[in-house]
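> Mind having a look at this structure? Questions to follow.
The values are calculated or read from the model by the stated rules, or taken from the named source; none is laboratory data. Note that the structure is predicted; figures quoted are calculated from it, not measured. Every residue, glycine among them, receives a Cβ derived from its backbone with ideal geometry; neighbour counts consider all protein chains shown. We work out accessible area using only protein heavy atoms, side chains counted, and drop any ligands, DNA or RNA first. Shrake-Rupley method; radii C 1.70, N 1.55, O 1.52, S 1.80 Å.
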Amino acid sequence: MSETVDTSGQASDQAGANWADQAEQRVLDEALRLAPKAGWNSGLVSRALSAAGLSEAEGQLLLPEGARDLAALLSRRHDAAALARLQTFDVAALKIRQRIREGVVARLDAAQENADVLRPLAAFLAFPTNLALALRLTWESADAIWRWAGDTATDENHYSKRAILSGILISTLAVDMASGRASALSHLDARIDNVMAFEKWKAGLKPMDLASEMVSALARMRFGK
């Protein structure tokens with residue numbers, strides 16, 4: 001006698017996950033439309049939920065941390081867009097510095113698709129209570145780039161590489177916003193030149209460097225100076 005496997009529960013779970021993913025993206029789309037005038041805050045979440053046809057109760061389910069969850073959704077959307085662009089490269093044909101440069105440029109291009117919300121988002125992330133989130137999201141972006149570049153380190157080098165690239169990412173984005181792409185690329189090339197020797201990376205890395213750079217970059221992104 002053959003057994004019948006009941007997959008209705010799995011199908012239901014998958015449908016629920018799909019609904020949640022699609023609803024989150026709808027809310028994010030509305031937030032991106034509203035944020036240039038509304039700012040990045042709890043009020044933005046309520047307005048975006050309403051515009052997406054969702055209730056506050058559904059919002060609590062989808063975005064329990066409100067504007068913080070929206071920030072994470074946007075960062076991960078940008079990461080996915082950057083990786084999609086990077087798939088057009090033959091990564092094996094690129095030297096490591098070229099891989100890192102192309103990775104950062106792809107991430108800049110992805111962020112610039114929503115350039116009009118970057119300043120209100122930076123103002124939100126600059127709050128001390130949100131700094132850990134800003135660090136985590138930038139770390140995720142750096143990790144995605146390193147993995148695309150072929151990094152397989154599992155020792156302390158894994159963490160050092162991502163900490164350094166996080167600093168490069170956030171500072172280059174700040175320059176891009178404040179002074180334009182030409183200045184950003186010049187800054188990027190200089191930073192890569194400074195850190196290509198990994199022993200220099202380890203020697204120059206201090207525990208508070210990344211946090212300090214994050215605060216400085218968010219301020220520049222917020223005020224454009």
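> Answer with yes or no whether Arg222 is open to solvent by 20 Å² or more (accessible area, probe 1.4 Å), modelled with pLDDT of 95 or more, assigned to a helix (DSSP H, G or I) and not small (Gly, Ala, Ser).
Values: open to solvent by 20 Å² or more (accessible area, probe 1.4 Å): yes; modelled with pLDDT of 95 or more: no; assigned to a helix (DSSP H, G or I): yes; not small (Gly, Ala, Ser): yes.
No; evaluated as a whole, the condition is false for this residue.
> Ala110: at pLDDT 95 or above and either over 23 Å from Leu28 (Cβ atoms) or small (Gly, Ala, Ser) (or both), yes or no?
Answer is yes for this residue.
> Further question: Which pairs turn up if I take residues in region 178-195 that are within 17 Å of Lys95 (Cβ to Cβ) and look for partners that are basic (Lys, Arg) and assigned to a helix (DSSP H, G or I) with beta carbon separation below 6 Å, at least 6 apart in sequence or on another chain?
Ile192/Arg97
> Right, something else. Considering only residues of region 11-43 that are more than 25 Å from Gln112 (Cβ to Cβ) and surrounded by 13 or more Cβ atoms within 10 Å (Cβ to Cβ), which is modelled with the lowest pLDDT?
Looking at residues that are more than 25 Å from Gln112 (Cβ to Cβ) and surrounded by 13 or more Cβ atoms within 10 Å (Cβ to Cβ), I get Ala20.
> Taking region 48-70 on its own, how many of its residues are free of Cβ contacts under 8 Å to residues at least 40 places away in the same chain, buried (at least 19 other Cβ atoms within 10 Å of the Cβ) and assigned to a helix (DSSP H, G or I)?
3
> Can you name the residue in region 47-71 that is small (Gly, Ala, Ser) and closer than 20 Å to Asn114 by Cβ and is also nearest to the chain's Cα centre (by Cα) among such residues? Walk me through it before giving the result.
Filtering region 47-71 down to residues small (Gly, Ala, Ser) leaves 48, 50-53, 55, 57, 59, 66-67, 71.
Going one step further and asking which of them are closer than 20 Å to Asn114 by Cβ, we end up with 48, 51-52, 66-67, 71.
Values: Ala48: 20, Ala51: 24, Ala52: 23, Gly66: 17, Ala67: 15, Ala71: 8 Å.
Residue satisfying both the conditions and the ranking: Ala71.
> Consider Ser75 carefully, then state whether it is among the polar types (S, T, N, Q) and open to solvent by less than 10 Å² (accessible area, probe 1.4 Å). Don't jump to the end; show me each part of the working.
Values: among the polar types (S, T, N, Q): yes; open to solvent by less than 10 Å² (accessible area, probe 1.4 Å): no.
So Ser75 fails the test.
> Select, from Ser2, Ser55, Ser46, the only residue that is hydroxyl-bearing (Ser, Thr, Tyr) and modelled with pLDDT under 95.
Ser2
> For region 79-121, how many residues are aromatic (Phe, Trp, Tyr) and touching a residue at least 60 places away in the same chain (Cβ under 8 Å)?
Matching residues across region 79-121 total 0.
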